[in-house]
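Here it is: the structure, laid out below.
Bear in mind these aren't lab numbers, they're just calculated from the coordinates by the rules spelled out. What you see is a predicted model; the values in this text were computed from it and never measured. Reconstructed Cβ throughout: ideal geometry from the backbone, glycine too, with neighbour counts over all protein chains shown.
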Amino acid sequence: MSYKADNAIIMAAGASSRFVPLSFEKPKALITVKNEILLERQVRQLQEAGIGQIVIVAGYKKEQFYYLQEKLGVTVVENEEYRVRNNHSSIYAARNYLKNSYICSADNYFTVNPFQAEVEEPYYAALYADGETKEWCMRTDQQGYVDHIQIGGSDSWYMMGHAFWNEEFSRKFVEILSAEYMLPETAGLLWEAVYMKHLSELKLKIRKYSSDFIFEFDSLDELRAFDQTYKKDTRSVILKKIAEELKCSEEELTNFHAVKTSGGTEASGFFFDCRSEQYQYSYKEKKWRKAACGGKL
């Protein structure tokens, strides 16, 4: 049996705090990677595969996504709870659209188009880890359905990229999520963690991809490894100003780490290295200073 894909839900609501300082200036999904805007590339890949309805769930800096409605014909849905909930809230915000649906992260870069108009079975995309990994590792039963997930493992297939839900999976997931949504312990969960608790009811297989097929950039340092033009030109007003003040090149600014707001999901600033010195930057103050050992912004 195969399923005709009705649509795609692209989750783009998060603040991407680990992607500071670029995420202070625009959502991570809207950065340019190898001369293409990351989210626009994914939308076009979906459209080239014949997926007509594409729903983007926006939250952080949501106003920056609305141009896509006219440019690419997508629908933008707002997630008003992205600050206090994890990405399950984006699924909930788009619940009325869920049918035979691709579930996508806005920050994935696919070297080859992975989408198809017809899909044989519901699945979660996966890459293989040789040796140790901190990713979400999956194991399958004799029928090929995921029956165990654990965070961290070795020599294992792990979750990376998109998923495809058929209409039955979508219906069951929405029922479960609606029943558990207001539980205090649900607020911090990824949708994958909700799924993990209900593997006997929610059936997905693994779709395996090679390591050079799906990329995700969690930091500017990781992006630079993939798109080396960011070494000399970070496209960041913040970093250009810091480089000017430190009398260094942008390439000498490295090793970025976010500092989170107290109890929040967004970053208040970041640490970075320059010429063997560590510095810290406060977004509120728009200032940098040398980092004290163990210091906080």
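So how far apart, in nm, are the two label points at Lys247 and Arg44 if each is 7 Å from Cα heading toward Cβ?
4.4
Nearest 20 debye, what's the magnitude of the dipole of region 156-270 about its Cα centre given +1 on Lys and Arg Cβ and -1 on Asp and Glu Cβ? Display every interim value, and only then the final one.
Numbers: 15 positive and 20 negative charges, 40 e Å.
Value, rounded to 20: 200 debye.
So how tilted is helix 237-246 from the main axis of the chain? Cα-based, degrees 0 to 90, rounded to 10.
For helix 237-246, the angle is close to 30 degrees.
Separate question: If you find the alpha carbon centre of region 1-71 and of region 79-152, how far apart are they in angstrom?
15
Using Cα atoms only, what is the angle between the long axis of helix 167-180 and the major principal axis of the chain, expressed in degrees (0 to 90) to the nearest 10?
The two axes meet at around 60 degrees.
Charges at C-beta only: +1 for Lys and Arg, -1 for Asp and Glu. How large is the resulting dipole of region 3-216 about its Cα centre, in Debye rounded to 20? Could the numbers behind the result be given before it?
Numbers: 23 positive and 29 negative charges, 73 e Å.
So the dipole magnitude of region 3-216 works out to roughly 360 debye.
Let me ask something additional. Determine ³J(HN,Hα), in whole Hz, for all residues of region 189-199 in sequence, where each value follows from phi through the Karplus function 6.51 cos²θ - 1.76 cosθ + 1.60 and θ = phi - 60°; x replaces Gly and Pro.
Karplus values, whole Hz, x for Gly and Pro: 8, 5, 4, 5, 6, 5, 4, 4, 6, 10, 5.
What are the lysines whose alpha-carbon lies under 26 Å from the alpha-carbon of Lys34, with same-chain residues fewer than 8 places away excluded?
Lys34 reaches Lys26, Lys61, Lys62, Lys71, Lys208, Lys231, Lys232, Lys240, Lys241.
Continuing with the same structure: How far is it, in nm, from the label point at Gln142 to the one at Glu63 when both lie 7 Å from their Cα along the line to the Cβ?
The modelled label-to-label distance comes out at 6.0 nm.
Let me ask something additional. I want to verify a result. In a Gaussian network model of the chain, Cα cutoff 10 Å, which of these has the top mean-square fluctuation: Leu189, Leu39, Leu30?
Of Leu189, Leu39, Leu30, the Gaussian network model singles out Leu189 as fluctuating most.
Can you give the FRET efficiency to the nearest 0.05 for Lys286 and Met1, using r as the Cβ-Cβ distance and R₀ = 45 Å? Display every interim value, and only then the final one.
Numbers: r = 57 Å, r/R0 = 1.26.
Once the sixth-power term is evaluated, E becomes 0.20.
Positive end of the charge dipole of the chain (Lys, Arg +1 and Asp, Glu -1 on Cβ, about the Cα centre): tell me which of Asn87, Ala58, Ile238 has its Cα farthest that way.
Towards the positive end, the residue furthest out is Ile238.
Along the charge dipole of the chain, which of Ser211, Ala292, Tyr195 sits closest to the positive end, that is, farthest toward it, with unit charges on the beta carbon of Lys, Arg, Asp and Glu (+1, +1, -1, -1)?
The listed residue farthest towards the positive side: Ala292.
What is the set of long-range amide H partners of Ser105 at a cut-off below 5 Å, with H atoms built 1.01 Å from backbone N?
Hits under the 5 Å cutoff: Met11.
Along each of the three principal axes of the Cα atoms of region 3-216, give the extent in whole Å, ordering the values from largest to smallest.
Computed over region 3-216, the largest-to-smallest principal extents equal 46, 39, 36 Å.
Next up: Take the eigenvalues of the Cα gyration tensor for region 141-297, scale each by 5, and report the square roots as semi-axes in whole Å, largest first.
Details: eigenvalues 326, 87, 36 Å².
The answer is 40, 21, 13 Å, longest axis first.
Considering only DSSP states other than H, G, I, E and B, which GluC sites (Glu not before Pro) in region 139-201 qualify as loop sites with at most 15 other Cβ atoms within 10 Å? The partial results should precede the final answer.
Numbers: sites: Glu167, Glu168, Glu175, Glu180, Glu185, Glu192, Glu201; in loops: Glu201.
Answer in residue order: Glu201.
Quick one: go through region 3-25 and flag any residue whose amide nitrogen is under 19 Å from the point 7 Å out along the Cα-to-Cβ line of Lys240.
20-25
Please compute the length gained on full extension between Asp218 and Tyr279, using 0.36 nm multiplied by the number of residues separating them and subtracting their Cα-Cα distance. Working shown, then result.
Values: separation 61, 0.36 × 61 = 21.96 nm, distance 2.01 nm.
Full extension from Asp218 to Tyr279 adds 19.9 nm.
Return P(r) of region 236-290 (all Cα-Cα pairs; 5 Å bins starting at 0; whole %; ordered from short to long distances).
Spelled out bin by bin, region 236-290 gives 4, 19, 33, 25, 12, 5, 2, 0 percent.
Another question, if that's okay. Of all beta bridges DSSP finds with both residues in region 3-216, what is the antiparallel percent, to the nearest 5? Don't skip to the answer; put the middle values down first.
Values: 26 of 45 bridges.
For region 3-216, the DSSP antiparallel bridge percentage is about 60.
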